[in-house]
1. Any residue at all in segment 57-71 that is at pLDDT 95 or above, closer than 26 Å to residue 163 by Cβ and over 13 Å from the mean Cα position of the chain (by Cα)?
2. Would you mind finding the one in 141, 185, 110, 165 that is within 18 Å of residue 50 (Cβ to Cβ), touching a residue at least 12 places away in the same chain (Cβ under 8 Å) and either in contact with a helix residue (DSSP H, G or I) (Cβ under 6 Å, 6 or more places away or on another chain) or not in a strand (DSSP E or B) (or both)?
3. Filter segment 24-40 for residues that are at pLDDT below 85 and outside any loop (DSSP other than H, G, I, E, B); which is surrounded by the most Cβ atoms within 10 Å (Cβ to Cβ)?
4. For segment 88-109, give me each residue that is crowded, with 17+ Cβ neighbours inside 10 Å and within 14 Å of the chain's Cα centre (by Cα).
5. Kindly provide the set of residues from segment 44-70 that are surrounded by fewer than 20 Cβ atoms within 10 Å (Cβ to Cβ) and out of contact with any strand residue (DSSP E or B) (no Cβ under 8 Å at 6 or more places or on another chain), ordered by number.
6. Restricted to segment 168-182, and to residues that are assigned to a loop (DSSP other than H, G, I, E, B) and without any contact (Cβ under 8 Å) to a residue 24 or more places away in the chain, which residue is nearest to residue 135 (Cα to Cα)?
7. Among 43, 79, which is in a helix (DSSP H, G or I), touching a helix residue (DSSP H, G or I) at 6+ places or on another chain (Cβ under 8 Å) and modelled with pLDDT of 95 or more?
8. Under 9 Å by Cβ, and 6 or more places apart or on different chains, what pairs join a residue from segment 68-88 that is at positive phi and touching a residue at least 40 places away in the same chain (Cβ under 8 Å) with one that is surrounded by fewer than 20 Cβ atoms within 10 Å (Cβ to Cβ) and part of a helix (DSSP H, G or I)?
């Protein structure tokens, strides 16, 4: 007997060239796209630095953050996701939008970060809740050469959880709570270090 197929979920692009486009993503355990309200706030914060930025959507899931960035003028996005069905759907969605400036790597995020790094201007960290992945991801991003000198890093976690320990030259820029989600924008600043 076949197992029942999980139904698809839908997300909406908030702004940019694909504004109001609806995209499906699979219903997988732990996969929950960043809510519309949170994405709107986050991309308002990033508006001055997003056009032309090289971006990394680690723990990509539905790809909501990376797709939103591409819609709003990011130069390119690398999506990293471990679930094969999420990767398939993300490829389908990028094809549907005729995206050519993106790459999808199917891999465990922390393992992927062990390879040699290429600096990104903006990184999104929205791992599955309750798995303790934010702090080690931050450490590997810093140690592996994955960040531009003044990179922006987005952190999403369950509300009520303390923020992760950050490398010494990272500072909190903005933070908010929306329902069950705590979200923070962090800035890396290596330019002031001598």
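1. No, every residue in segment 57-71 fails to be at pLDDT 95 or above, closer than 26 Å to residue 163 by Cβ and over 13 Å from the mean Cα position of the chain (by Cα).
2. On the way: 141 fails: within 18 Å of residue 50 (Cβ to Cβ); 110 fails: within 18 Å of residue 50 (Cβ to Cβ); 165 fails: within 18 Å of residue 50 (Cβ to Cβ).
Exactly one of 141, 185, 110, 165 is within 18 Å of residue 50 (Cβ to Cβ), touching a residue at least 12 places away in the same chain (Cβ under 8 Å) and either in contact with a helix residue (DSSP H, G or I) (Cβ under 6 Å, 6 or more places away or on another chain) or not in a strand (DSSP E or B) (or both), namely 185.
3. At the first step, the residues of segment 24-40 found to be at pLDDT below 85 are 24-36.
Subset that is outside any loop (DSSP other than H, G, I, E, B): 24-26, 36.
Details: 24: 15, 25: 22, 26: 20, 36: 15.
Looking at the filtered set, the residue picked out is 25.
4. 90, 102, 104, 109
5. Of segment 44-70, the ones surrounded by fewer than 20 Cβ atoms within 10 Å (Cβ to Cβ) are 44-45, 47-49, 51-52, 54.
Those that are surrounded by fewer than 20 Cβ atoms within 10 Å (Cβ to Cβ) and out of contact with any strand residue (DSSP E or B) (no Cβ under 8 Å at 6 or more places or on another chain): 44, 47, 48, 51, 52.
6. To start, the set of residues in segment 168-182 that are assigned to a loop (DSSP other than H, G, I, E, B) comprises 168-169, 179-180.
With the extra rule that they be without any contact (Cβ under 8 Å) to a residue 24 or more places away in the chain, the set shrinks to 168, 180.
Working: 168: 13, 180: 19 Å.
Checking each candidate, the answer is 168.
7. Only one candidate passes the filter, namely 43.
8. Going by the 9 Å Cβ cut-off, the qualifying pairs are 73/16; 73/17.
The values are calculated or read from the model by the stated rules, or taken from the named source; none is laboratory data. Quick caveat, the model's predicted, so the values are computed rather than measured. All Cβ positions, even for glycine, are placed from backbone atoms using ideal geometry, and neighbour counts span all protein chains on display.
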